[in-house]
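What follows is a single structure, written as structure tokens, with notes after it.
Nothing in this text is a laboratory measurement; each read-out follows from the coordinates by a stated rule. On a predicted model such as this, the values are computed, not experimentally measured, just so you know. Glycine also receives a Cβ, built like all others from the backbone with ideal geometry; neighbour counts cover every protein chain displayed.
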Amino acid sequence: MPNVPFSIRELDRDDVAPMRAMLAMFGEAFDDVHAYSGRPPRAAWLQRLLGSDAFIAIAATRDDEVIGGIAAYVLPKFEQERSEIYIYDLAVAQAHRRQGIATAMIDELRRTASRRGAYVIYVQADLGDDPAIALYTKLGTREDVLHFDIEPMPAAPAAAR
């Protein structure tokens, strides 16, 4: 579908249906449908999330179909009165890639970051994900870091509390 226009916008608390469509698109794009659609959040949860200052959802649509999305978190800092934005998920549906949609979504997130007073946007790309690395290299400064997942401490049995 080259040269067919698309729209980019930040979702708000009333955009539960587009957010659900974005979750489905993420599941397909990341080949992890169960994680994104297996236990869908209630509408009230999504409304609270979309209406909060701590979360940003950017959707790309074409003919009312969600074809791309960004889910990002606003992280207030402690060392200065400022915040940063972390792109948690970014995807474009397979049939719509290589059309500038990801760049357009990031540009919209950059405008949102400016309005919200964030000083930086950051994102992680996995080694071997060459398209993501190329996109982010084009738009930002690369920093090589290691990422670790740490499991939460198991809850103490009720009798021990």
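Could you list log10 I(q)/I(0) for the chain at q = 0.12, 0.13, 0.14 Å⁻¹, which the Debye formula gives when each Cα is one point scatterer? Evaluating at q = 0.12, 0.13, 0.14 Å⁻¹ gives log10 I(q)/I(0) of -0.59, -0.69, -0.79.
When only Cα pairs below 8 angstrom with a gap of at least 6 residues are kept, the chain shows a relative contact order of 20 percent. Residues in segment 105-118 carry Karplus couplings, in order, of 5, 5, 4, 5, 5, 4, 5, 4, 4, 4, 4, 8, x, 6 Hz; the curve used is 6.51 cos²θ - 1.76 cosθ + 1.60 with θ = phi - 60°, and Gly or Pro positions show x. Label separation (Tyr122 vs Ala158): 4.1 nm, computed from points 7 Å beyond Cα along the C-beta direction. Put simply, the amide H of Tyr88, placed in the peptide plane, has neighbours under 5 Å in Ala71, Ala72, Tyr73, leaving out anything fewer than 5 places away on its chain.
Run the dipole for segment 7-140 about the Cα centre, Lys and Arg Cβ at +1, Asp and Glu Cβ at -1, nothing else charged, and hand back the magnitude in debye, nearest 20.
Once rounded to the nearest 20, the dipole reads 300 debye.
Computed from phi, the 3J(HN,Hα) profile of segment 86-103 under the Karplus parametrisation 6.51, -1.76, 1.60 (θ = phi - 60°) reads 10, 6, 7, 9, 9, 8, 10, 4, 3, 5, 10, 6, 6, 10, x, 5, 4, 4 Hz, with x in place of Gly and Pro. As a rough guide to protection, the peptides 73-80, 101-108 ranked by mean Cβ packing within 10 Å, highest first, stand as 101-108, 73-80.
A cut-off of 5 Å between modelled amide H atoms, ignoring neighbours fewer than 5 places along the same chain, links Phe55 with Val74. Report the percentage of all Cα-Cα pairs in segment 2-94 whose separation exceeds 19 Å, rounded to a whole percent. Value for segment 2-94 (Cα pairs over 19 Å): 43 percent.
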